[in-house]
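What follows is a single structure, written as structure tokens, with notes after it.
Rule-based calculations on the coordinates, nothing more; no lab input. Owing to the predicted nature of the structure, the values given are computational and were not obtained by experimental measurement. Counting neighbours? That spans all protein chains shown, and the Cβs are built from the backbone with ideal geometry, glycine included.
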Amino acid sequence: MPASPPPQPAPLLIFEIPHIQDDICAYLTCDNLAHCTQVSRLWSALFTPYLYRIVDLTHIRAMAHFKEGAAVVSALVRYKD
């Protein structure tokens, strides 16, 4: 009976190399990043931090939404138990 071949290591995914992912994400718009998060759970976990790395609050409407959301999040954290 021939010996079985040695087990092969799992293939390395391109996104497992952090600086490669940084370089790729540097060229993506916020819309592109948002679409990437919808591809799969793995991609969501990989791209979500890049999507929210920079939050632009220069617009008055954005600031108002941010303040409203902050109050809701604060209330949820306070009453989570």
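Quick check: residue separation of M63 and T37 times 0.36 nm, minus the Cα distance between them. What number comes out in nm?
Answer, rounded to one decimal: 7.0 nm.
Answer with a single label: of [x] 3, 13, 20, 21, 16, 11, 8, 4, 2, 1, 0, 0; [y] 3, 11, 14, 15, 13, 13, 10, 7, 4, 3, 3, 2, 1, 1, 0; [z] 3, 10, 13, 13, 11, 10, 8, 7, 7, 6, 5, 3, 2, 1, 0, which was calculated as P(r) over Cα pairs in 5 Å bins from 0, in percent from the structure in view?
[y]
Tell me, what ³J(HN,Hα) does each residue in segment 4-14 have, in order and in whole Hz, if you take phi through Karplus 6.51 cos²θ - 1.76 cosθ + 1.60 with θ = phi - 60° and put x for Gly and Pro?
6, x, x, x, 8, x, 4, x, 7, 7, 4
Could you work out the relative contact order of segment 14-78, using alpha carbon pairs under 8 angstrom and six or more residues apart, expressed as a whole percent?
Rounded, it is 18 percent for segment 14-78.
Applying a 10 Å radius around every beta-carbon, put 42-50, 26-34, 6-14 in order of their mean neighbour count, most first.
The peptides rank, most packed first, as 42-50, 26-34, 6-14.
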